[in-house]
1. At a 1.4 Å probe, what is the % contribution of carbon and sulfur to the accessible area of region 70-196?
2. Using only the alpha-carbon atoms, how far is helix 374-389 inclined from the longest principal axis of the chain? Give it as 0 to 90 degrees, nearest 10.
3. For the chain, what is the calculated [θ] at 222 nm in deg cm²/dmol (nearest 500), taking -39500 (n - 2.57) for each run of four or more DSSP H residues and dividing by its residue count?
4. Rounded to the nearest 20 debye, what is the charge dipole size of region 291-399 about its Cα centre when +1 sits on each Lys and Arg Cβ and -1 on each Asp and Glu Cβ?
5. Have a look at the DSSP beta bridges in the chain and tell me what percent are antiparallel, nearest 5.
6. Could you give the length gained on full extension between residue 382 and residue 24, defined as 0.36 nm per residue of separation minus the Cα-Cα distance, in nm?
7. Which Cα, out of 185, 124, 104, lies furthest along the positive dipole direction of the chain (beta carbon charges, K/R +1, D/E -1)?
8. Suppose R0 equals 41 Å. What FRET efficiency, 1/(1 + (r/R0)^6) with r the Cβ-Cβ distance, do residue 78 and residue 241 give to the nearest 0.05?
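The values are calculated or read from the model by the stated rules, or taken from the named source; none is laboratory data. Please read all numbers here as calculations on a predicted model, not as lab measurements. Every residue, glycine among them, receives a Cβ derived from its backbone with ideal geometry; neighbour counts consider all protein chains shown. Areas reflect the complete protein model, heavy atoms only, side chains present, ligands, DNA and RNA absent. Shrake-Rupley method; radii C 1.70, N 1.55, O 1.52, S 1.80 Å.
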Amino acid sequence: MKAIRTVLAATTALCAATAANATDLEVTHWWTSGGEAAAVAEFAKAFDATGNKWVDGAIAGSGGTARPIMISRITGGDPMGATQFNHGRQAEELVEAGLMRDLTDIAKAENWAEVVRPSSLLDSCTLDGRIYCVPVNIHSQQWLWLNNSVFEKAGIPVPSNWDEFAAAAPKLEEAGIVPLAMGQQPWQTTLAFQVLMVALAGPDAYTKVFGDKDTGLAGGPEITKVFQAAATARDMAKNSNVQNWNDATNMVITGKAAGQIMGDWAQGEFQVANQVAGKDYTCLPGLGVNEVIMTGGDAFYFPRVDDAAITEAQGVLAKVMLSPETQVAFNLKKGSLPVRGDVDLNAANDCMKKGLDILAKGNIIQTPDQLMSADSVSLVNDLFVEFFNTPDMSAEDAQARFVSIIEEAD
Ligand code: GAL
């Protein structure tokens, strides 16, 4: 009898202790597609296993819709516990305003400077030597996704690069297939343009234009070629009438469309559809021309709150997100690459293995979000959503407007 009472007392104490440390933490993000939801559930599972509670604050409509909502909550005094941003300068003003938590002590204690690779990811979280975010993955935008069976049906080999894909467009259209699937959100059209630029003008030219704001290059013949290719892409996507990126990916998965230029988060959708890389679909890094990895992706920031329990729970989540097990579980479902170089990714599929190879070779470039301010990026987005939706806007006119944006960009 005495023994039973002891055990009961111990269990009650543990529950009390765990309950005492159990904190609900609201985490906002824009991961709402099938693959994204499956991936973020890995973070929630790992955090809940600490005795705390992940309160999911998903916001639909991708980052362009979610970020203004997140920013206005933080500046409006209604902060969440943690929130997603992309690697780069999107949260710069919030950090400068002193609204975001300094994670430097945790980063030191957890040795992030040693484990996070490439180190530029942690640099994107650093302001005046202090660390303000946890990088959780590497997403590259530099991919072309192709449905293999669609090409078989049209009697043409699966393309191995952009030029072959563009040349296949007339035959695909004859077969009633949309050559290029593209969603109508502005960031998707810019993504297609800058992926074409990296592939056709080269990674250096891209970095000079978006990074060094080189207007001479932006207005020059190399970039003229890119605008002409963008006009071809516009024509290939003219019958793609979907909004969200994952709806465009679904057109490729279901064979309504032959291909999509999209970041490797598209992988999550192929996985949820049980499609196998190399067998059902083909992935071409750098459009099969310039195989580079863009170190884009996601990081989590933690608004400063005057609440000890929330602050404690924020620290727990920051550590959980970078633990080796969570990094593998999350990234395999997300289709991104882990930010830790010391994890075993044998379970990675063919496309992720291609990405890891390119990363290991060091063929990496930064994203527009890392090279430009958020305001300049949105001006570029506005130009390209207009270009892709205005068939009679000439490549020359678009290039001239692009040059003036680069001139003013910071
Ligand atoms: C990106 C984000 C990815 C992906 C994508 C589409 O900004 O880095 O993780 O989910 O948006 O929503």
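1. 49 percent
2. Roughly 40 degrees between the two axes.
3. Rounded to the nearest 500, it is -16000 deg cm²/dmol.
4. It comes to approximately 640 debye.
5. Of all bridge pairs located within the chain, approximately 60 percent are antiparallel.
6. Going from the current span to full extension adds 125.1 nm.
7. Projecting each Cα onto the dipole axis, the largest value belongs to 104.
8. After rounding to 0.05, the efficiency reads 0.65.
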